[in-house]
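S.K.: Can you read through this structure? Questions will come right after.
The values are calculated or read from the model by the stated rules, or taken from the named source; none is laboratory data. Just so it is clear, the model here is predicted, and its values are computed rather than measured. Here Cβ is always computed from backbone atoms with ideal geometry, including for glycine, and neighbour counts include all displayed protein chains. Note: accessible area is taken over every heavy atom of the protein model, side chains too, but ligands, DNA and RNA are not part of it. Shrake-Rupley method; radii C 1.70, N 1.55, O 1.52, S 1.80 Å.
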There are 2 protein chains.
Amino acid sequence: MAARGRRTGDSSATRQAILDAGRTSFAESGFERSTLRSIADRAGVDPALIHHYFGSKDGLLAAVVTLPLDPAVVLADVGAGPEPLGHDVVRRIATAWTTEPQLVDRMLALGRTAMTSEHAAELLRDQLGRWLLPVIARLAAQDQRELRVALVMSQVGGVFIARYALRIPAVADLSVDDLVTAVGPTVHRYLTGDLMPASSARRSARG
Amino acid sequence: MAARGRRTGDSSATRQAILDAGRTSFAESGFERSTLRSIADRAGVDPALIHHYFGSKDGLLAAVVTLPLDPAVVLADVGAGPEPLGHDVVRRIATAWTTEPQLVDRMLALGRTAMTSEHAAELLRDQLGRWLLPVIARLAAQDQRELRVALVMSQVGGVFIARYALRIPAVADLSVDDLVTAVGPTVHRYLTGDLMPASSARRSARG
């Protein structure tokens with residue numbers, strides 16, 4: 001095996017440098033077109049160190065698409081205050097966007113990677129399901145939990161892209177309070193409302 | 001100037017080949033990292049032909065981010081039927097996704113390009129504003145039109161990404177009817193409901 005490069009003295013910094021290089025490379029060039037050699041060059045390390053810390057390019061991708069915040073922490077005690085549940089969810093997420101350093105940049109990189117690689121999209125989808133489903137499902141009505149979580153993600157993700165990727169002024173300029181007022185009722189309905197699809201409703205009406 | 005390549009005999013096919021090559025290249029590699037040379041190679045034409053048909057790489061980008069459907073056509077006579085306005089908007093858009101050949105692929109390419117290039121995002125934002133604003137504004141309540149259009153785009157775009165890019169089964173498996181039932185009320189509220197931000201509401205309450 002080749003020499004392990006100059007950064008072995010500080011393994012935490014080396015791991016972080018590889019992670020940052022992978023995140024940037026996947027977001028800029030897509031997962032499939034990023035090579036271990038180019039990621040190692042960007043990080044200033046020997047490619048063998050990527051194997052050492054992440055096992056493979058797939059392992060590095062799994063680390064890159066890890067959500068930068070733990071939804072269970074962001075949404076801890078959500079719904080305990082006076083605000084409706086959906087409004088509270090939007091407030092906590094939008095507050096994280098506006099206060100957590102680097103969160104927006106990391107989420108943008110994650111979105112870019114998932115948009116340009118089916119494999120990355122699959123990993124992100126699995127992560128979102130594994131992490132968000134239990135947190136949201138605990139709050140939501142008991143029926144159609146997967147659909148409720150997916151609809152919340154679609155609206156929150158859509159606002160994130162409009163605000164931070166496309167930077168549409170009408171959404172980018174909203175305060176956290178304004179976002180809660182505009183989008184909170186949507187998320188509240190997805191979590192707690194009657195979402196029975198028309199086909200199921202027809203079946204119920206017949207049955 | 002260099003020879004104009006082998007396809008000058010059929011200018012419409014040549015223009016389309018360049019457009020397709022640009023769309024793929026921008027989506028895969030991002031606008032900034034795509035070169036006229038690589039796009040010309042992919043299209044099998046001389047780079048001078050890109051200048052001839054599109055003026056510049058910017059001009060090609062403008063052609064690539066042109067929406068593949070005219071919103072004024074998709075939404076013609078929207079709201080004329082018995083269904084609430086927001087439900088009808090979702091039905092027409094979701095029907096286009098499921099029936100128009102190539103529409104989904106072109107929208108995915110457009111989204112990828114916009115996610116990986118600030119310049120492309122700016123062009124897409126301008127196009128959406130110029131095309132969608134008059135169509136939607138004609139239907140929506142008269143106040144806060146930019147916000148209403150941006151919120152509709154955020155929800156419809158979020159569902160598109162969940163359904164076609166991330167392929168989350170709970171959303172990807174919905175029929176058009178189910179999408180209308182699940183998302184129609186959201187779009188209806190964004191178009192016609194009271195979206196007054198909390199800060200404005202507080203000002204009104206004081207005044």
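S.K.: Give the residue that is farthest from B:PHE31 (Cα to Cα), with candidates limited to residues of segment B:69-92 that are open to solvent by 40 Å² or more (accessible area, probe 1.4 Å) and under 15 Å from the mean Cα position of the chain (by Cα).
M.R.: Once the filter is applied, the top-ranked residue is B:ARG92.
S.K.: Okay, moving on. State whether the residues of segment A:136-158 include one that is away from chain B (no Cβ under 14 Å) and either under 14 Å from the mean Cα position of the chain (by Cα) or in a helix (DSSP H, G or I) (or both).
M.R.: Yes - at least one qualifying residue is present in segment A:136-158.
S.K.: Which residues, taken from segment A:78-91, are over 15 Å from A:MET153 (Cβ atoms) and either of a type in the set (Lys, Arg) or touching a Leu at 6+ places or on another chain (Cβ under 9 Å) (or both)? Spell out how you get there, then give the answer.
M.R.: In the first step, residues of segment A:78-91 are kept if they are over 15 Å from A:MET153 (Cβ atoms); the result is A:78-85, A:87-88, A:91.
Residues satisfying the conditions are A:VAL78, A:GLY79, A:LEU85, A:ASP88, A:ARG91.
S.K.: Something else: Keeping to segment A:39-59, report how many residues are open to solvent by less than 50 Å² (accessible area, probe 1.4 Å) and hydroxyl-bearing (Ser, Thr, Tyr).
M.R.: 1
S.K.: Being more than 9 Å from chain B (Cβ to nearest Cβ) and modelled with pLDDT of 90 or more is true for just one of A:TYR190, A:TYR164. Which residue is that?
M.R.: Of A:TYR190, A:TYR164, the one residue that is more than 9 Å from chain B (Cβ to nearest Cβ) and modelled with pLDDT of 90 or more is A:TYR164.
S.K.: Conditions first: (1) open to solvent by 20 Å² or more (accessible area, probe 1.4 Å); (2) touching a helix residue (DSSP H, G or I) at 6+ places or on another chain (Cβ under 8 Å); (3) in a helix (DSSP H, G or I). A:THR113 passes all but one, so which condition is the exception?
M.R.: Every listed condition holds for A:THR113 apart from (1).
S.K.: Scan segment B:159-170 and give yes if some residue there is surrounded by fewer than 20 Cβ atoms within 10 Å (Cβ to Cβ) and over 28 Å from A:LEU128 (Cα atoms), otherwise no.
M.R.: Scanning segment B:159-170 turns up no residue that is surrounded by fewer than 20 Cβ atoms within 10 Å (Cβ to Cβ) and over 28 Å from A:LEU128 (Cα atoms).
S.K.: Restricting the search to segment A:144-156, which residues are free of Cβ contacts under 8 Å to residues at least 40 places away in the same chain and surrounded by fewer than 22 Cβ atoms within 10 Å (Cβ to Cβ)? Before the answer, list the steps.
M.R.: Going residue by residue through segment A:144-156, those that are free of Cβ contacts under 8 Å to residues at least 40 places away in the same chain are A:145-146, A:149-150, A:153-155.
Of everything in segment A:144-156, those that are free of Cβ contacts under 8 Å to residues at least 40 places away in the same chain and surrounded by fewer than 22 Cβ atoms within 10 Å (Cβ to Cβ) turn out to be A:ARG145, A:GLU146.
S.K.: Take segment B:123-137 and flag every residue that is open to solvent by 10 Å² or more (accessible area, probe 1.4 Å), within 17 Å of A:ALA162 (Cβ to Cβ) and touching a helix residue (DSSP H, G or I) at 6+ places or on another chain (Cβ under 9 Å).
M.R.: B:LEU123, B:LEU124, B:ARG125, B:GLN127, B:LEU128, B:GLY129, B:TRP131, B:LEU132, B:LEU133, listed by residue number.
S.K.: Please go through segment A:95-127 and give me each residue that is more than 18 Å from B:GLY111 (Cβ to Cβ) and either within 12 Å of another protein chain (Cβ to nearest Cβ) or free of Cβ contacts under 8 Å to residues at least 40 places away in the same chain (or both), ordered by number.
M.R.: A:ALA96, A:THR99, A:GLU100, A:PRO101, A:GLN102, A:LEU103, A:ASP105, A:LEU123, A:ASP126, A:GLN127
S.K.: Looking at B:ALA62, is it without any contact (Cβ under 8 Å) to a residue 60 or more places away in the chain and either surrounded by 14 or more Cβ atoms within 10 Å (Cβ to Cβ) or over 30 Å from B:VAL159 (Cα atoms) (or both)?
M.R.: No: the conditions fail for B:ALA62.
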